[in-house]
Ligand SMILES: Cc1ncc(COP(=O)(O)O)c(C=O)c1O
């Protein structure tokens with residue numbers, strides 16, 4: 001007999017994963033290594049060690065070990081807000097009158113309001129373990145900075161956050177949450193770093209981007225004794241930590257005999273999507289099961305759907321290593337879309353490789369249709385979603401409506417990465433009809449592509 005599926009599936013603490021899953025171990029085509037922009041050779045552990053903590057460098061370079069044990073202290077911290085519920089969206093299904101079965105993994109159930117805490121505590125733990133004084137970072141929407149400031153205060157580490165200027169202005173309360181947890185918060189680009197001053201002189205009045213903020217944070221980390229830089233997305237290590245999302249989801253689904261047909265996530269730098277899909281992708285890569293994976297990105301910052309696959313700088317200031325990824329060019333500054341966490345020019349090398357090899361699809365969606373989906377979801381499921389997460393909601397609803405037309409009873413799983421309580425200015429603009437849908441023209445994108453480094457083997461097709 002089929003098991004009755006509850007509205008919310010919560011695992012027991014004892015059922016929580018004790019290891020992260022490293023999808024790279026199952027990839028035949030491994031993600032391309034980071035390159036030193038000076039020598040164009042793969043970055044060595046020693047070179048990476050000047051920017052990142054030692055243990056995280058090991059994780060970054062580890063393409064082989066399928067499982068990495070989660071240190072006990074991190075497992076204990078996870079228990080403050082995990083396991084995260086896997087929710088059956090019965091109310092949304094009813095509202096849409098769809099035969100599809102919709103599930104979402106809700107990661108917003110902690111003060112930082114998003115999945116970012118899963119990697120923040122891991123990165124802060126390894127920094128502390130190495131005896132460092134503090135860490136620097138960038139934040140877009142503010143969720144990553146908030147998560148990191150929580151993790152750092154828990155471990156008594158200093159935390160310096162560069163926050164993308166438009167978010168800093170749109171979300172003053174998020175800034176105050178970070179300060180409550182003891183972090184210092186600087187709007188980026190700022191006058192406090194050499195690279196910030198350069199960007200400001202070249203683009204006066206810029207509202208900033210994640211790429212600018214990364215450059216500033218790296219500069220401060222590499223010029224301050226006892227500090228390292230930590231990044232909230234994109235890197236292999238971050239996807240590894242975020243695999244906790246997919247592992248928990250898979251355990252819960254297996255327990256109830258549920259098999260998703262479609263798995264959907266929003267994609268900024270790729271960490272939540274990478275984490276959610278990892279164990280399912282592992283099965284697909286090993287030929288054990290098949291799933292349809294969909295990455296959803298803003299039409300205003302379409303790195304997968306309109307970007308090129310090439311080596312590019314991870315940051316606007318061109319101080320970071322080169323990563324092979326789908327990119328719009330590190331000089332591309334997206335319009336001030338309200339999903340600040342998705343305003344990144346590139347995409348995780350792991351996801352880029354999987355997308356390039358045809359294991360995953362991507363869609364881009366416009367801002368107003370995101371907010372329409374967010375509102376529809378909030379009204380029936382109760383949770384007020386973050387604009388970033390609402391990209392996944394949009395496509396989940398679209399897929400459920402397709403099922404309504406065809407009568408198919410597909411099982412749809414999506415990642416609900418966070419809550420939108422600090423995004424009410426954006427909701428207000430939407431309600432007042434003041435939200436625009438800016439989509440870059442091909443000519444706009446070409447400007448970004450022109451800045452991609454040129455060297456043999458890195459030709460843009
Ligand atoms: C709520 C939320 N969802 C999704 C993202 C996108 O990041 P990623 O692609 O790394 O998951 C962010 C980034 O700030 C976020 O705050």
message = Would you confirm, using the coordinates I've provided, whether residue 355 is free of Cβ contacts under 8 Å to residues at least 40 places away in the same chain, within 16 Å of the ligand (Cβ to nearest atom), outside any loop (DSSP other than H, G, I, E, B) and surrounded by 23 or more Cβ atoms within 10 Å (Cβ to Cβ)?
response = no
ask   = Quick one: would you say residue 383 is touching a residue at least 60 places away in the same chain (Cβ under 8 Å), within 14 Å of the ligand (Cβ to nearest atom) and more than 17 Å from the chain's Cα centre (by Cα)?
value = yes
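Residue-wise test of (1) modelled with pLDDT of 95 or more; (2) under 17 Å from the mean Cα position of the chain (by Cα).
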site	(1), (2)
154	yes, no
160	yes, no
182	yes, no
187	yes, no
211	no, yes
215	no, no
220	yes, no
232	no, yes
task = Looking at (1) under 30 Å from residue 395 (Cα atoms); (2) in contact (Cβ under 8 Å) with a residue 60 or more places away in the chain, find the lone condition where residue 109 falls short.
result = (2)
inquiry  = So for region 230-248 (the condition being closer than 24 Å to residue 399 by Cβ and away from the ligand (no atom under 14 Å from the Cβ)), does at least one residue qualify?
reply    = yes
task = Could you list, in sequence order, all residues of region 417-443 that are free of Cβ contacts under 8 Å to residues at least 40 places away in the same chain and surrounded by 13 or more Cβ atoms within 10 Å (Cβ to Cβ)?
result = 424
message = If I go through region 249-279 residue by residue, how many of them are within 16 Å of the ligand (Cβ to nearest atom) and either surrounded by fewer than 24 Cβ atoms within 10 Å (Cβ to Cβ) or assigned to a helix (DSSP H, G or I) (or both)?
response = 9
Residues of region 158-170 satisfying the condition of being touching a residue at least 40 places away in the same chain (Cβ under 8 Å), surrounded by fewer than 24 Cβ atoms within 10 Å (Cβ to Cβ) and out of contact with any strand residue (DSSP E or B) (no Cβ under 6 Å at 6 or more places or on another chain) = 166, 170
query = If you go through region 315-336, how many residues are assigned to a loop (DSSP other than H, G, I, E, B), within 14 Å of the ligand (Cβ to nearest atom) and either modelled with pLDDT of 90 or more or surrounded by fewer than 24 Cβ atoms within 10 Å (Cβ to Cβ) (or both)?
reply = 0
message = If I filter region 84-114 down to residues being out of contact with any strand residue (DSSP E or B) (no Cβ under 7 Å at 6 or more places or on another chain) and surrounded by 23 or more Cβ atoms within 10 Å (Cβ to Cβ), which single residue comes out as modelled with the lowest pLDDT?
response = 112
request  = Give the number of residues within region 427-443 that are under 30 Å from residue 308 (Cβ atoms) and touching a helix residue (DSSP H, G or I) at 6+ places or on another chain (Cβ under 7 Å).
outcome  = 2
task = Please work out if residue 117 is surrounded by 24 or more Cβ atoms within 10 Å (Cβ to Cβ), modelled with pLDDT of 95 or more, out of contact with any strand residue (DSSP E or B) (no Cβ under 7 Å at 6 or more places or on another chain) and within 28 Å of residue 189 (Cβ to Cβ).
result = yes
query = Which strands (runs of 3 or more DSSP E) does region 99-191 wholly contain that include 3 or more residues that are away from the ligand (no atom under 14 Å from the Cβ) and not assigned by TED's automatic domain parsing to the domain that holds residue 88?
reply = 134-139, 158-164, 184-188
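Results for (1) surrounded by fewer than 21 Cβ atoms within 10 Å (Cβ to Cβ); (2) within 15 Å of residue 273 (Cα to Cα); (3) out of contact with any helix residue (DSSP H, G or I) (no Cβ under 7 Å at 6 or more places or on another chain); (4) free of Cβ contacts under 8 Å to residues at least 24 places away in the same chain, shown as yes or no for each residue.
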site	(1), (2), (3), (4)
359	yes, yes, no, no
388	no, yes, no, no
402	yes, no, yes, yes
415	no, yes, no, no
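The values are calculated or read from the model by the stated rules, or taken from the named source; none is laboratory data. This structure is a prediction, so every number in the text was calculated from the model and none was measured. Using ideal geometry, Cβ is built from the backbone for each residue, glycine included, and neighbour counts are taken over all protein chains shown.
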